[in-house]
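Only one structure is covered here, and it is reproduced in the block below.
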Amino acid sequence: MTSKFSVEPHLHRVYDSVGLTAHDVDVDAIHDVAGAIARAGLRPMAPVGGYLWGAAIGQHPQADRAELQQAILDVVPSTPLDSEQAEDPAQWHAFTRRACDALGLDVEDVPVEELPGIGRHIAHASVRPMAPVATYLLGLAHTRSGEPLTDLLERIMRALEQVTDA
């Protein structure tokens, strides 16, 4: 598992860019969720899992974070998908629908088609372990602030570029 310290310089800039704090982030737990999703053959959905968990915490601030995390893990397929299934958008939508149902989120509010690309872009713009963390923060910030995803994502990317340029 990747330690929080490998993403530390990126982490501070990103959560500051969207008005969040260190209290809002458990990097190891986010990586646990992303890892479980990836091991199930749904690697493209790892950033979606991060986003969903962040959105659920933002929408249900009094809920137990561990219970929300477990709700996502409970809908991860127990048998890994093959590579063809993993790239099938129908599988992405099925996973997202099950997770949204478990978390009390509206599946229509989740940009499931865009999040894998966003995760890829973040991974290449900074360090790979930041992808699920940044999408988690994107989901959390979006549900808390109601700001457009594009504005939040732009601020996150700018923050990541500042670390890379430093």
Residue set Leu160, Leu149; condition in contact (Cβ under 8 Å) with a residue 12 or more places away in the chain and touching a Leu at 6+ places or on another chain (Cβ under 8 Å); output residue Leu149
What do you reckon, is Pro77 touching a residue at least 24 places away in the same chain (Cβ under 8 Å), over 13 Å from Ser17 (Cβ atoms) and open to solvent by less than 50 Å² (accessible area, probe 1.4 Å)?
yes
Could you tell me how many of the residues in the range 41-63 are surrounded by fewer than 19 Cβ atoms within 10 Å (Cβ to Cβ) and either at pLDDT 90 or above or touching a strand residue (DSSP E or B) at 6+ places or on another chain (Cβ under 6 Å) (or both)?
4
Kindly indicate whether Asp151 is over 23 Å from Ser17 (Cβ atoms), modelled with pLDDT of 90 or more and surrounded by fewer than 21 Cβ atoms within 10 Å (Cβ to Cβ).
no
One residue is enough: does the range 87-106 have a residue meeting the conditions under 14 Å from Ala46 (Cβ atoms), surrounded by fewer than 17 Cβ atoms within 10 Å (Cβ to Cβ) and either free of Cβ contacts under 8 Å to residues at least 12 places away in the same chain or out of contact with any strand residue (DSSP E or B) (no Cβ under 7 Å at 6 or more places or on another chain) (or both)?
yes
Could you identify the single residue in Gly58, Gly41, Gly50 that is touching a Leu at 6+ places or on another chain (Cβ under 9 Å) and either without any contact (Cβ under 8 Å) to a residue 24 or more places away in the chain or not in a helix (DSSP H, G or I) (or both)?
Gly41
Any idea which residue in the range 109-148 is surrounded by the fewest Cβ atoms within 10 Å (Cβ to Cβ), counting only those that are within 16 Å of Ala55 (Cα to Cα) and of a type in the set (S, T, N, Q)?
Ser145
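The values are calculated or read from the model by the stated rules, or taken from the named source; none is laboratory data. Keep in mind that this is a model prediction, so the values were computed, not measured. When we count neighbours, we look across all protein chains shown, and the Cβ atoms used for this are built from the backbone with ideal geometry, even at glycine. Ligands, DNA and RNA are stripped out before the accessible areas are found, and what is left, the full protein with its side chains, is counted by its heavy atoms. Shrake-Rupley method; radii C 1.70, N 1.55, O 1.52, S 1.80 Å.
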